[in-house]
Structure formats: structure tokens, C-alpha cells
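What follows draws every value from the coordinates through simple rules; no lab data is involved. Not measured: the values here are computed from a predicted model. Every residue, glycine among them, receives a Cβ derived from its backbone with ideal geometry; neighbour counts consider all protein chains shown.
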Amino acid sequence: MTTVRTEIAEIAGAVPDPELRVVTIGELGIVRGAEKAEDGRVVVTITPTYSGCPAMDAIRDDIRAALAAAGHTDVEVRTVLSPAWSTDMITESGWAALERTGIAAPGASGTPACPRCAHRGQPTPVLQISRYASTPCQSLWSCRSCLEPFNAIKKL
Ligand SMILES: [Zn+2]
């Protein structure tokens, strides 16, 4: 049973996030559990990142498709809201992947560091341009030093 459970968790966790393609839903901490019951039914439990996140339907479909490709056809994707998801659940490799594409972490105080300047060891004042960026879970910022606009994940 353990082997199957791990395999299912790995397959489900390896699904790329539909909006942030560079990270998997495992790295984002969306997958809470994945088990195969005695009768062969697979149950994957997920937690939405932000309430009303438009990507959740796509995530459910992608999990089913990924598991079907591995031969698991009886799949139920359950949504659990508690405990609520927070940005603390994003793994280190998840943050690293986001940062490589210029998406900043929210920072401890909720103010991100410019992904360009921070690499040169120069934390610079940043200015929020918009509470919303290309996805509802990101906000748009501008760096006052290099003037580069960048997206940051909102702290939750
Ligand atoms: Zn900068």
C-alpha cells in the first residue's frame, strides 16, 4: 500500500500549476494527500491556494489526466479548506523556481525584494503598482533602483 500511495502522491504532486507553469502543485503545497483505497479508488485531497482561484478546475482535470496516464482511472479529487493554504506551504524548490522566472516571494513583511537587485545583494525600495497582476495570486511591483517591474506572490 505504501508504494502505491507514494506513487500516486508523486504523480499528483508533479502536475504543473496551470497558471504558474514553472512550479508543480506539489511544490505549491496544494496536494494534501493521495491514497488508493482497497477497492482501487484513488482519492487525492487538494487545498485551493486562494479562495475562488480560477485554476482549481484545471488542477482537478490535470490531476485526473496525469493519474489516468499512469493507469489509475477511478480518481476522486477532494477539496479541503481547512487548514487553509498559506504561502508558507510553498517549498524551497518552489520559491527557487518562481524566482528564476522573476516572480518574487512576498517577503517576511509582505514587501517583496526586487528579483534583479536582490541577486546583486542590494535590497532596494519597491513600490506596489497594482494589487493584481497576471493572476489573482500575484501583485505587480516596481523597483525604484533598476526600475524593473516584477510580479510577486501575495502573502497569505
Ligand atoms: Zn531592482
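Please determine whether any residue of segment 75-83 is buried (at least 18 other Cβ atoms within 10 Å of the Cβ), free of Cβ contacts under 8 Å to residues at least 40 places away in the same chain and in a helix (DSSP H, G or I).
Among the residues of segment 75-83, not one is buried (at least 18 other Cβ atoms within 10 Å of the Cβ), free of Cβ contacts under 8 Å to residues at least 40 places away in the same chain and in a helix (DSSP H, G or I), which makes the answer no.
Quick one: in segment 90-108, of everything that is in a loop (DSSP other than H, G, I, E, B) and touching a residue at least 60 places away in the same chain (Cβ under 8 Å), which residue is farthest from the ligand (Cβ to nearest atom)?
Checked segment 90-108; the qualifying residue farthest from the ligand (Cβ to nearest atom) is T91.
Within segment 22-53, track down each residue that is acidic (D, E) and in contact with a Lys or Arg (Cβ under 8 Å, 6 or more places away or on another chain).
Result: E35, single match.
Residue-wise test of (1) touching an Asp or Glu at 6+ places or on another chain (Cβ under 6 Å); (2) part of a strand (DSSP E or B); (3) closer than 21 Å to T24 by Cβ.
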position	(1), (2), (3)
L67	no, no, yes
T73	no, no, no
D88	no, no, yes
G110	no, no, no
T124	no, no, no
A133	no, no, yes
W141	no, yes, no
